[in-house]
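I have placed the structure first, in the form of structure tokens, so that the comments after it can refer back to it.
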């Protein structure tokens, strides 16, 4: 019961939907990622984005991770779709998505 109360308070599943997005590529950088996140969040009170966190890769690049958190599945999916559209314009080559990881 205590764990469920904490999850409800923090809006974690089963009280929300999550999408973990990791990506890397030659044109990915924190500034562009922040801009894309800002576009998605503007006017969207039902979405929270945690990150980006940056991890070095074996090849000397960087991998970015974001966690999208939304109350509704519909809002989560439309937000992830929009983010991927924005990310696509930056030529981020490798993108992985995990829903409710």
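The table for this structure:
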{"quantity": "Restricting the stretch 42-61 to residues that are over 11 Å from the mean Cα position of the chain (by Cα) and either crowded, with 16+ Cβ neighbours inside 10 Å or more than 18 Å from residue 24 (Cα to Cα) (or both), the residue that is modelled with the highest pLDDT", "calculated": "46"}
{"quantity": "Positions within the stretch 31-45 being touching a strand residue (DSSP E or B) at 6+ places or on another chain (Cβ under 6 Å) and farther than 16 Å from residue 96 by Cα, in sequence order", "calculated": "37"}
{"quantity": "Search result, residues across the stretch 82-101 that are modelled with pLDDT of 90 or more and either exposed (fewer than 12 other Cβ atoms within 10 Å of the Cβ) or in contact with a helix residue (DSSP H, G or I) (Cβ under 9 Å, 6 or more places away or on another chain) (or both)", "calculated": "96, 97, 98, 99"}
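The values are calculated or read from the model by the stated rules, or taken from the named source; none is laboratory data. Here the structure is a predicted model, which is why all the values come from computation and not from measurement. So basically every Cβ, Gly included, is an ideal-geometry build from the backbone, and we count neighbours across all protein chains shown.
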